[in-house]
Amino acid sequence: MTVRELGELTWEEARDLDRSRVVAVLPVGAIEAHGPHLPLSTDAIIAIAMAREGAQRIETRGFGAVLLPPLHFTAAPFGAGFTGTISVQPATVVALLLDLARELTRHGFAALAVANAHLDPAHLGALVAAESRAREERLLPFVCPHLTRKPWASRLTEEFRTGACHAGRYEGSVVMAERADLVRESLRRALPANPASLSTAIREGKQTFEEAGGARAYFGWPADATAEEGRATIAALGEILAEAVAGALTLGRAT
């Protein structure tokens, strides 16, 4: 099934969509350090894969879906000490997402679904704030399943559940499945495991990868990553997004 990209449609093709039944899917990643072996765009690669898979699954549930151009820049202070990480203010992210939700509401789309792969606390806070503001303004449903929360976290990999999942097996596997050409294989295979839990470090008040024990901006077991696991993870992420959208739209009809 081919999912349409909004930016590739003409304005008349967009006009002729049954927009009240079409979900706009936004991939949200970051430009951020991901160890010595994965590209700065790792989060965006994962988000785009999640968005594409989620959009396909949304369409099997009786709705249409279009992919929006990905958002690559967001709040990323946890990795700001590493060259190449680009972090913007959370307020900038909230303002952009709200403006986007307002425009999609004006055009009559059914929902905005955010496929988010970036788990920096500052960024997650911006997503929560945007969701809240969208509800206050009575905009279209703003759907963003938070992967670190129940029930979604339990659906992902064992490494993800440990909290040691930045540029490790979880993320490395997805990049291997999607863009193997961007993985520095010799480095990846040689990296020792770093089982330090980012989630624990965050609860303890740590604010950077370095403070959390990630001197080279990775956590987990990167040498154990496989493309096969990556494809399974993409399927799980897509199903999570589709289920969240279906739940939000069903609730909307009920109320």
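Here are the numbers for this structure:
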| item | result |
| --- | --- |
| Accessible surface of the chain, 1.4 Å probe, proportion on carbon and sulfur as whole % | 53 percent |
| Per residue accessible area in Å² of the chain, where ligands, DNA and RNA are left out and the probe is 1.4 Å | 45 Å² |
| The chain, relative contact order in percent, only Cα pairs under 8 angstrom and at least six apart counted | 24 percent |
| Computed over the range 140-255: relative contact order in percent, which uses C-alpha pairs under 8 Å that are six or more apart | 38 percent |
| Sequence of 152, 221 when ordered by accessible area, the most exposed leading, probe 1.4 angstrom | 221, 152 |
| Helix 90-106 vs. the chain, principal-axis angle (Cα, 0 to 90°, nearest 10) | 30 degrees |
| Debye log10 I(q)/I(0) at q = 0.08, 0.09, 0.13, 0.18 Å⁻¹ for the range 104-255, Cα point scatterers | -0.28, -0.35, -0.68, -1.10 |
| Calculated Rg and Dmax of the chain using C-alpha coordinates, Å | 17.9, 54 |
| Cα long-axis angle, helix 121-136 against the chain (0 to 90 degrees, to the nearest 10) | 10 degrees |
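The values are calculated or read from the model by the stated rules, or taken from the named source; none is laboratory data. This is a predicted model, so every value here is computed, not measured. These accessible areas exclude ligands, DNA and RNA; they are computed on the full protein's heavy atoms, side chains included. Shrake-Rupley method; radii C 1.70, N 1.55, O 1.52, S 1.80 Å.
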